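Read the structure below first, then the notes.
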Amino acid sequence: MIEIRRTWRTICVAVCAIVASSAGIARAETSLTKEEARGKMIFEQDCIFCHGVKGQGRGIASASLDPKPKDFTDAEAMAKLSPETIVKAVTEGGEAVEASPVMPAFGQQLSAKQIRAVVAFLATLSKK
Ligand code: HEC
C-alpha cells in the first residue's frame, strides 16, 4: 500500500515538473513588453519577407539577395549597429546608412512610434 502511494507521489511530482517547465516556455514567449509585442506584429507584416520569421535573414525573398538581409539574431553583429543607425535604416532605407539599397525605407508607411516599436522588437531577437 505504501509502495503504491510512493509511486503515485513520484508520478505527481513528475507531472508537476512537466507542467511547470512548459509554463516556463510559454512565459518566455510572452515576456515581450507591450511596445515589443506591437513591434513583433509590424515585423511579421513588413519584414519577414526578407528577414525571415525568426529574423535570421532567411526570408522567402532572401535567396536572390546579395548582401543578405541582416541577421537580427547575431548579437555580435547587431551590437555594432547603434540604435540610431537601426532607426535610420528602417526610416530612410539601407542606402541612408551605407547598407544595401534593397533594404526599403519605411518612413512613409510607418509612424515614428511604430518604427521605435519594431526596433525594440529587433533588440529582443539577439537577446538570449
Ligand atoms: C525587400 C527586402 C527587405 C525588407 C522587406 C526589409 N529588409 Fe531590412 N534589410 C534588407 C537587406 C537586404 C539588408 C542588408 C543590408 C546590408 O547589409 O547592406 C537589410 C538590413 C536591415 C537592417 C540593418 C541595416 C544596417 O545598417 O546594416 C535593419 C535594421 C533592417 N534591415 C530592418 C528592417 C525592418 C525593421 C524591416 C521591416 C519594417 C525590414 N528591414 C524589411 C532587406 C529587407
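The convex hull of the Cα atoms of the stretch 33-125, projected and averaged over all directions, covers 5.3 nm².
In a simple Cβ point-charge model (Lys, Arg +1; Asp, Glu -1; nothing else charged), the stretch 26-93 has a dipole of about 140 debye relative to its Cα centre.
We did not get these values from a lab; they are worked out from the coordinates using the rules stated. As the structure is a prediction and not an experimental result, all values here were calculated from the model. Note: ideal-geometry Cβ built from the backbone for every residue, glycine included; neighbour counts use all protein chains shown.
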